[in-house]
Amino acid sequence: MTITPRKRVAVIGAGASGLVSLKECLDEKELLDPVAFEQENHLGGLWRYVEISKENPNPHSSVYKSTIINTSKEMMAFSDYAIPANWATYLPNQKIAQYFSMYADRFGLVPHIRFGTKVLEVKELHDEQKRWLVRSQRVAAPGESEHEIKEEIFDYVMVCSGHHWKPRYPSFPGMKQDDPEPYTGEQIHSHFYRDVDAFRNKTVIVVGLGNSAVDLAVEMSMNQSQVYLSCRRAGHVVPRWILGKPTDQHRTRFTHMVPLFLMQFITAILFRISTPTVHENLKPYSKPFETHPTINSIFPERVTTGTIKPVRIIKKMGPGKRVEFEDGTVVENVDAVFYCTGYHISFPALHPDVVTDGKPNAENTNQVHVWNYMIPPRHPNLAFVALLQPLGAIMPMAELQARFLVQTLVGKIAPLPTEDRMDKHIKQLHEDIRKRYDDAPRHTIQVDYAPYCDQLAKKIGCFPTLTKLIGQYGLIEGFKLKMETIFGPPIPVQYRLVGPHAWEGAREVVWGYANDKKYLDSKYLQDTSVSDNKANVAEIVA
Ligand SMILES: NC(=O)C1=CN([C@@H]2O[C@H](COP(=O)(O)OP(=O)(O)OC[C@H]3O[C@@H](n4cnc5c(N)ncnc54)[C@H](OP(=O)(O)O)[C@@H]3O)[C@@H](O)[C@H]2O)C=CC1
């Protein structure tokens, strides 16, 4: 008997997508030998708050002290590890970091992570097996001399390093110090904002209308600062709750069967009745589901109090602390301007052609050439995980991508399409995105949660069909579960009811999340944290 050696998999990053990729590889540990590289000394990626210091002036994480996620816990949980029933619906970043630590403990991930190790280069070997060379180096502690660079060969690489870390700046006259009569106040990208302490009782301008912009504007306005919010394309700012339900739980599979124009009409009415009339400068430029959602329940209320004043785009900055806007507004004595203008998609360890297929200026436009938001057609042994911007929660989407990639890699599901078919699919996807969304760098990888997850689940074999549900849970419960998957929120745990790596706790969690009292005491919905992170969280939250 010949024993096939396990394939070596490099997972780059130990944030949400890296952890789940590692876990999916370990679910196939007879066939795969994964190792994750994490440049920080902790897991959690973007969701782990990191202080800005002299030693660490530009952390990877953009999370500020007060960040609270805007997807509900039921929709953002990994499919086989529930978020405890007694945790809040919308989690602060500290709780999310705790959940990731609990997940890593539960599935024994930590021994497979090389912390404090930066991946310097990922280079294709062009050998017969299309393997990759990974060059990595341990990050030297202050006072320590440089560590040796290590070179290793991997059969497969999963890039899980995220795309919200390289700030994108706008360009306004007077913004640069060598401009004539420049602006002399502070200028900060939202990536570097950590807390409100230095920005109480100030006059500030916030540029943008994404989630960073509204979060920062609200926080500073609540701390006696006068905020001017400057946006070029206004859009809906949606509350966290609509009609007594978390907003992201209204979009069921049933609503996806309704034509988009009708859903946009109904949703616009729902938004209208759930938010106060806002300012002329915030009148939405597009219909619901045509921009990335901005979610904040307090923002419209702050606008009605005048503590946040919406203005048009900046026309000119300076001289001194003066700022002038396109609508004629002029503000003097502006202490700080916050650029909440998003991020460049960038993977410095990879040759840029891998993600762009050689197209020039791609980092500026954020155009990527990746099949199904995962695979660059000419590099089938490398995949991106979570390289998407969802209308919905990103973690379960990353999880389904990881499940799909791993199942393809071990040959348990159909092989990938040909290069030619991938190229055609990418072209079609770009056209569809352009038709539906504004032509802006923030909308190049936009995707709807349920349709995307369902197509991956069908490929994996874990889509909850009526036949499979009845086969597994009997006629009555199988039928009830099917109804829940159609009319209830499409929570990720539904992808563990049937198929490969189904989870015995899935049924109880589905009913527990549906608030069936009978299941709320399920052991799967309890807080069983043993992570030391719990203590830190308690301190922070207290
Ligand atoms: N609480 C939470 O869960 C939070 C989540 N996030 C997430 O992080 C990601 C990044 O969000 P965010 O940092 O808000 O970035 P986004 O890319 O989502 O938004 C950028 C904003 O800046 C505007 N903008 C970009 N360039 C310019 C320019 N040159 N001049 C004027 N305006 C410009 C955009 O306008 P336009 O539409 O015209 O391009 C848009 O309003 C998103 O996925 C978001 O959901 C962020 C913060 C908090």
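The values are calculated or read from the model by the stated rules, or taken from the named source; none is laboratory data. Remember, it's a predicted structure, so these values are computed and weren't measured experimentally. Cβ atoms come from the backbone with ideal geometry, glycine included; neighbour counts cover every protein chain shown. Surface accessibility is based on the protein's heavy atoms, side chains included, excluding ligands, DNA and RNA. Shrake-Rupley method; radii C 1.70, N 1.55, O 1.52, S 1.80 Å.
Looking at Y437, is it in contact with a strand residue (DSSP E or B) (Cβ under 9 Å, 6 or more places away or on another chain), hydroxyl-bearing (S, T, Y), open to solvent by 30 Å² or more (accessible area, probe 1.4 Å) and within 16 Å of the ligand (Cβ to nearest atom)?
Taking the combined requirement at face value, the residue does not satisfy it.
Name the single residue, out of those in segment 347-362 being surrounded by 18 or more Cβ atoms within 10 Å (Cβ to Cβ) and in contact with a strand residue (DSSP E or B) (Cβ under 8 Å, 6 or more places away or on another chain), that is nearest to K427 (Cα to Cα).
Ranking the candidates gives V355 first.
Go through segment 153-231 and tell me which strands (runs of 3 or more DSSP E), entirely inside it, have 3 or more residues that are open to solvent by 50 Å² or more (accessible area, probe 1.4 Å).
In segment 153-231, no matching strands (runs of 3 or more DSSP E) lie anywhere.
Does any residue of segment 426-433 turn out to be under 17 Å from M397 (Cβ atoms) and more than 16 Å from the ligand (Cβ to nearest atom)?
Yes, there is a match, as at least one residue in segment 426-433 is under 17 Å from M397 (Cβ atoms) and more than 16 Å from the ligand (Cβ to nearest atom).
Answer yes or no: is there a residue in segment 532-539 that is surrounded by 15 or more Cβ atoms within 10 Å (Cβ to Cβ), modelled with pLDDT of 95 or more and assigned to a helix (DSSP H, G or I).
No, there is no match, as no residue in segment 532-539 is surrounded by 15 or more Cβ atoms within 10 Å (Cβ to Cβ), modelled with pLDDT of 95 or more and assigned to a helix (DSSP H, G or I).
Could you please let me know if A36 is crowded, with 24+ Cβ neighbours inside 10 Å and at pLDDT 95 or above?
Yes; evaluated as a whole, the condition is true for this residue.
Being farther than 15 Å from V303 by Cβ, without any contact (Cβ under 8 Å) to a residue 60 or more places away in the chain and either away from the ligand (no atom under 13 Å from the Cβ) or buried (at least 17 other Cβ atoms within 10 Å of the Cβ) (or both) is the requirement here; does V238 meet it?
Considered against the rule, which asks whether it is farther than 15 Å from V303 by Cβ, without any contact (Cβ under 8 Å) to a residue 60 or more places away in the chain and either away from the ligand (no atom under 13 Å from the Cβ) or buried (at least 17 other Cβ atoms within 10 Å of the Cβ) (or both), V238 comes out as no.
So which pairs qualify, if the first residue must be in segment 444-472 and closer than 18 Å to E484 by Cβ, the second must be hydroxyl-bearing (S, T, Y), the Cβ gap must be under 6 Å, and the two must be at least 6 apart or on different chains?
These pairs meet every condition: A457/Y495; C462/Y495; P464/T485.
Does A10 satisfy being farther than 20 Å from R240 by Cα and either touching a strand residue (DSSP E or B) at 6+ places or on another chain (Cβ under 9 Å) or outside any loop (DSSP other than H, G, I, E, B) (or both)?
On the way: farther than 20 Å from R240 by Cα: yes; either touching a strand residue (DSSP E or B) at 6+ places or on another chain (Cβ under 9 Å) or outside any loop (DSSP other than H, G, I, E, B) (or both): yes.
Considered against the rule, which asks whether it is farther than 20 Å from R240 by Cα and either touching a strand residue (DSSP E or B) at 6+ places or on another chain (Cβ under 9 Å) or outside any loop (DSSP other than H, G, I, E, B) (or both), A10 comes out as yes.
Which of the residues that make up segment 484-510 are farther than 13 Å from F463 by Cβ, out of contact with any strand residue (DSSP E or B) (no Cβ under 9 Å at 6 or more places or on another chain) and either touching a residue at least 24 places away in the same chain (Cβ under 8 Å) or buried (at least 24 other Cβ atoms within 10 Å of the Cβ) (or both)? Walk me through it before giving the result.
Taking segment 484-510 and keeping what is farther than 13 Å from F463 by Cβ, we get 484, 487-489, 491, 493, 501, 503-510.
From what is left, the residues that are out of contact with any strand residue (DSSP E or B) (no Cβ under 9 Å at 6 or more places or on another chain) are 484, 487-488, 491, 493, 501, 503-510.
Passing the criteria: E484, F487, G488, I491, V493, H501, W503, G505, A506, R507, V509, V510.
Can V139 be described as touching a Lys or Arg at 6+ places or on another chain (Cβ under 7 Å) and assigned by TED's automatic domain parsing to the domain that holds I83?
For V139, the condition - touching a Lys or Arg at 6+ places or on another chain (Cβ under 7 Å) and assigned by TED's automatic domain parsing to the domain that holds I83 - is met.
Search segment 220-236 for residues being touching a strand residue (DSSP E or B) at 6+ places or on another chain (Cβ under 8 Å) and of a type in the set (A, V, I, L, M), and hand back the single one that is nearest to C340 (Cα to Cα).
L229
Give the residues of segment 24-76 that are of a type in the set (A, V, I, L, M, F, W, C) and farther than 28 Å from V493 by Cα, sorted by residue number.
V50, I52
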